[in-house]
Amino acid sequence: VQLQASGGGLVQAGGSLTLSCAASGRIFSMYRLAWFRQAPGKEREFVATILWSGGSTYYADSVEGRFTISRDTAKNTVYLQMSSLKPEDTAVYYCAADRSAFCTVVRTHYDYWGQGTLVTVSS
């Protein structure tokens, strides 16, 4: 599975941005997708995850109510709609895919990773 993330950019605090992650290759082996992020000097952290078939979601407390993860199975794409952005949301955002349907926030459980897209939120 290959993942291509896009949509990052510079946005003011309080603004919105939508990230996309296009999947290709062995899509049938992909059961769950997720977004993680890594701020400068910090570890990569879980943001949100979605079950590819069925669409159930789970969010980190820090983004619950502000971010929405969704997928378009016809386009093999997962999205992360981000609103009410804060400077602390500034990070490189990565999409990841898991061959297991088990809901996990542990980054090492994910088998495939995209290259990341930078989101910068100015105050």
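List residues of the stretch 1-34, by number, whose backbone nitrogen lies under 13 Å from a label position 7 Å along Cα→C-beta of SER100. From the stretch 1-34, the list is 31-32. Using a 1.4 Å probe on the protein heavy atoms, what percent of the accessible area of the chain belongs to carbon and sulfur? Within the chain, the accessible surface is 49 percent carbon and sulfur.
Would you mind working out the magnitude of the charge dipole of the stretch 35-123 relative to its Cα centre, with +1 at each Lys and Arg C-beta and -1 at each Asp and Glu C-beta, to the nearest 20 Debye? Don't skip to the end; give the middle numbers.
Working: 9 positive and 9 negative charges, 31 e Å.
The calculation lands at about 140 debye.
Ranked from largest, the principal axis spans of the Cα set of the stretch 1-67 equal 38, 24, 22 Å.
The label point for LEU118 and the one for SER83, both projected 7 Å from the Cα toward the Cβ, are 2.8 nm apart.
Per the Kirkwood definition applied to all pairs of different Cα atoms, how many angstroms is the hydrodynamic radius of the stretch 41-87? Provide the component values of the computation, followed by the final result.
Numbers: mean 1/r = 0.0850 Å⁻¹.
Final number for the Kirkwood radius of the stretch 41-87 is 11.8 Å.
For the stretch 1-120, the per residue solvent-accessible surface stands at 50 Å², with DNA, RNA and ligands left out and a 1.4 Å probe.
Taking a ≥ b ≥ c as the square roots of the eigenvalues of the alpha-carbon gyration tensor, the stretch 57-116 is classed prolate because a/c is 1.5 or more and a/b outweighs b/c. On full extension, the segment bounded by GLN38 and ARG26 gains 1.7 nm, given 0.36 nm per residue less the C-alpha separation.
Only sites in a loop by DSSP and with at most 11 other Cβ atoms within 10 Å count here; which GluC sites (Glu not before Pro) in the stretch 14-123 make the cut?
Numbers: sites: GLU43, GLU45, GLU64, GLU88; in loops: GLU43, GLU64.
When the GluC sites (Glu not before Pro) of the stretch 14-123 are filtered for loop state and at most 11 Cβ neighbours within 10 Å, GLU43, GLU64 remain.
The values are calculated or read from the model by the stated rules, or taken from the named source; none is laboratory data. Bear in mind the structure is a predicted one, so any value in this text is a computation, not a measurement. Please note: Cβ atoms are built from the backbone with ideal geometry, for glycine as well, and neighbour counts cover all protein chains shown. Ligands, DNA and RNA are excluded from the accessible area calculation, which covers all protein heavy atoms including side chains. Shrake-Rupley method; radii C 1.70, N 1.55, O 1.52, S 1.80 Å.
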